[in-house]
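Have a look at the structure below before the remarks.
Only the coordinates and a few stated rules stand behind these numbers; no lab work does. It should be emphasised that the depicted structure is a prediction, and the values quoted were computed from it without experimental measurement. Here the Cβ positions follow ideal geometry from the backbone for every residue, glycine too, while neighbour counts run over all protein chains shown.
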Protein chains: 2
Amino acid sequence: MPAMPDLPDHCAPLPLAHVYRLLNHGPTVLVSAAHGGQRNVMAAAWAMPLDFEPPKVAVVIDKSTFTRGLVEASGRFALSLPCAGQADLAFTVGHTHGGADGVGDKFTRYGIAAFEGTTPGLPLVAGCVGWLECRLLPEPQVQQAYDLFLGEVVAAHADARVFAQGRWQFDGHPALRTLHHVAGGHFLLPQDAVQGRMLD
Amino acid sequence: MPAMPDLPDHCAPLPLAHVYRLLNHGPTVLVSAAHGGQRNVMAAAWAMPLDFEPPKVAVVIDKSTFTRGLVEASGRFALSLPCAGQADLAFTVGHTHGGADGVGDKFTRYGIAAFEGTTPGLPLVAGCVGWLECRLLPEPQVQQAYDLFLGEVVAAHADARVFAQGRWQFDGHPALRTLHHVAGGHFLLPQDAVQGRMLD
């Protein structure tokens, strides 16, 4: 695997207490992992926060995926949040199989740039708007029965143009909006916002 | 508890194979349950699909909630998907504690109408745009360690004005858009959509 550059421009580290807010509004994520000189990336709409601090996450990783073996072997995985301008990338890595019996290294095959955060060797997807570096919390029973993987977030970063003061603010950056997959590559995009208030 | 009416207008049953699409784009949900003459409803941004068919879901329900005891005692829970016009309702049930040491029955206290689907006595929140009736899949270890509850969806319904042919279509119905909580009652709303295509 090629050497990876460091954090890109606009990428700011997040306080751990704000990490859940990256996933709170339900974006689709890219799950990536590396082990033994191999790496892969896949799309997952089934991911959510699991705790505030230390932040934890849950994500469903099917048995058929090449990524799953890399997660189990390395005990590490990353969630990168793709944006509207990356809809084709998200669709493509979600509809192809990596590894030797698939398209090989999807990063190489599709020209997807990766960078390294604080976890050595863990590839984060460049051009995304949020990144969570996770340590697997082994729960073999639910991994096997439900394909459900839990992780503790050890570091997280966000694109400071659209995530600041603990809030997503997409105004003026439509191509940086998070993707919310419905089905078949059809993604909804957040736009307006509403503020809830207490009922009497 | 008062007797509950049947399914409201616009509410159409969903084929089980389409149920995951209610949650796939990451909406905030209302979790409700009833047992022994008591009922409650709370908000949860931490919910996701867990399987296609039979459809399963995962949701985080904190130990401090009154709802959790009702879920554990009855083995049933419902997820209702609130819409933009219900932002105050979603915020309110997410920031109040039900039961005798809280505000009591939140449905009564805040004038929230409920109806009954196919699960006797399980309250679904009227005015929402999607509903999933779930049977708890007991996993005591993860319930205790992570507040994580898994369920199999036994029936689901959606507002046919905004969910048809297995897709959300909010055009012309801005008040019926799903809510996506960021923090502090600030909800993002889906608007535009983008179609991903395969990269070369």
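Could you give the longest part of chain B that holds none of the trypsin sites (Lys or Arg not before Pro) found in DSSP loops with at most 14 neighbouring Cβ atoms within 10 Å? Value returned for the longest uninterrupted segment is B:64-196. Of all chain B residues, the closest to the B-onto-A rotation axis by Cβ, with that distance in whole Å, is B:GLY26, 1. Any chance you could check the Cα centroid distance between the stretch A:9-75 and the stretch B:23-41 for me, in angstrom? Cα centroid to Cα centroid, the span is 26 Å. Annotation: the residues B:MET198, A:MET42, sorted from fewest to most other C-beta atoms within 10 Å of their own C-beta, follow the order B:MET198, A:MET42. Average 1/r across all pairs of distinct alpha carbons in chain A, invert it, and you get the Kirkwood radius: 16.9 Å. For the protein assembly as shown, the tally of Lys pairs with Cα-Cα distances below 20 Å comes to 4, considering only residues 8 or more apart or on different chains.
Could you tell me the calculated FRET efficiency between B:LEU16 and B:ALA100, based on Cβ-Cβ distance and R0 = 45 angstrom, to the nearest 0.05?
For B:LEU16 and B:ALA100, the calculated efficiency is 0.75.
Between this copy and the others, label points of B:LEU16 are 4.1 nm apart in ascending order, each placed 7 angstrom from Cα in the Cβ direction. With the label put 7 angstrom out from Cα along the Cα-to-Cβ vector, B:THR108 ends up 6.7 nm from the copy partners, going from closest to farthest.
Arranged from fewest to most other beta-carbon atoms within 10 Å of their beta carbon, B:PHE163, A:PHE187 become B:PHE163, A:PHE187. With the simple model of a label 7 Å out from the Cα in the direction of the Cβ, B:GLU152 to B:GLN169 spans 3.3 nm. Distances from A:GLN195 to itself in the other copies, using label points 7 Å out along the Cα-Cβ axis, amount to 3.8 nm in increasing order. Remark: spin-label model distance A:GLN191-B:GLN195 equals 1.8 nm, labels positioned 7 Å along the Cα→Cβ axis. Dimensions of the protein assembly as shown based on its C-alpha atoms, expressed as ranges along the principal axes with the largest first, amount to 65, 43, 38 Å.
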